[in-house]
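Structure, as structure tokens:
The values are calculated or read from the model by the stated rules, or taken from the named source; none is laboratory data. Because the structure is predicted, anything quoted here is derived from the model rather than measured. Because the Cβ atoms are built from the backbone with ideal geometry, glycine has one as well, and the counts that use them run over all protein chains shown. Side chains are part of the model used for accessible areas, which takes the heavy atoms of the whole protein and leaves out ligands, DNA and RNA. Shrake-Rupley method; radii C 1.70, N 1.55, O 1.52, S 1.80 Å.
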Amino acid sequence: MEQTIMLREEFIKLGQALKAAHLVQSGVEAKEAITAGQVTVNGQVDLRRGRKLYDQDVVSYKGNTVRIVK
């Protein structure tokens, strides 16, 4: 399943994006998924919850894909 998140500002942080896409229920759940290496950004595992996502970045988690668009 692919979703789109529209940026309201220049970027959104990875943990916030997971919550905005309803892929996790809380910031704690987002942190656990990210630090466990379950989340990829543009095809590569990223362990930073504060990773800034910009226009056209793609996040994947548990078979779900989220595209960030401006």
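A few notes on this one:
- Farthest toward positive dipole pole in the chain [+1 Lys/Arg, -1 Asp/Glu at C-beta], among Ser60, Leu18, Asn42: Leu18
- Residues of the chain: accessible area per residue with a 1.4 Å probe, Å²: 63
- The chain: translational diffusion in µm²/s, Stokes-Einstein, Kirkwood Rh over Cα pairs, 25 °C, 0.890 mPa s: 213
- Residues with amide H under 5 Å from that of Leu53, placed H, sequence gap 5 or more: Ile12, Lys13, Leu14
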